[in-house]
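Please read the structure below before turning to the comments.
What follows draws every value from the coordinates through simple rules; no lab data is involved. In this text the structure is predicted, and so the values were computed from the model without any measurement. We place every Cβ from the backbone using ideal geometry, glycine too, and count neighbours over all the protein chains shown.
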Amino acid sequence: MRSDDGVPDLTVGDDLPTGHLPADRPRRHGRVTLAVAAAAIGLALVGSFFVRQERAADPVAPRQVAARETAAEPPSTLAWASALVARDGTSVTVYAGTSAECAELVQPQAAVAQQDGTRVVIAVKARTGRATDCTTSGAVTPLVVALPEPLGGRVLRDAASDSPPPTYFERDLPGLTGDERWSPHPGQWASTDDGWFQGYNGPGGSHLLAAARPTAGASRPATVGTLTIGGRKGVITGGAEGSWTLWWAAGEVTYSLRLTPAEGSTFSLKQFKREMARLNWS
């Protein structure tokens, strides 16, 4: 006899003596046990199959972080701080950078954005990224721009602000580039500084620093002498115990040359004047 759920009924029949089982009862019990075990294993396998199917059907969430990492922001138009016009006026070096902490310009480019008979507008475009060396972040980046025609008397303007940043001219400086006694070396200053600087290594370990800045922001020590150079009258500051500096003005700009002797050496005022006179001021 079977119960309503299909499982064999193991109760003892009334026609048998109490305490005795039919001869085939052990075999029937074994078949029932095997059937129950097989049914349990089958249910477990079917359940595992559906779980795998449900997991396979789940959508995979996209890696949003990876998408942000590969997306490149378009370059921005940045302000530049100052400019140096080449001696022949056919090119301009503009100086730009970022003041963000441990950041630098990524692939900066500079080009003429507009020009007419009175002005030349230069635009600097770049992205800002993390600096490879945080100790040099915030330094100025020089960018050379070739002009379609010489600048002449036109004014340089910044495309980001439409203002004229301080502009300096190689024609107002001595020709140090072609002087074999002086070799320029890389230098850097803060990108927020509107001045201009260039250092040179010279004979016997001496050092020369050329600089320029708007006269309104320039300051100098007491004058100890004068010197006429290239049709301009300059003044001298400093002393033999340290360095000597020659100052002169051109328009609204003050230029200077500071000569520092090699370590352990000195320059007299007469020696300093002689060194300045040897430079090419034409």
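Data overview
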| read-out | value |
| --- | --- |
| Three semi-axes of the equivalent ellipsoid, the range 99-163, Cα gyration tensor, whole Å, largest first | 29, 11, 10 |
| The range 141-212 versus the range 214-282: alpha-carbon centroid distance in Å | 18 |
| Charge dipole (the range 205-275, unit charges on Cβ, about Cα centre) - positive-most of A216, A240, A262 | A216 |
| Mean separation of Cα contacts under 8 Å, 6 or more apart, over the residue count of the range 174-282: relative contact order % | 25 |
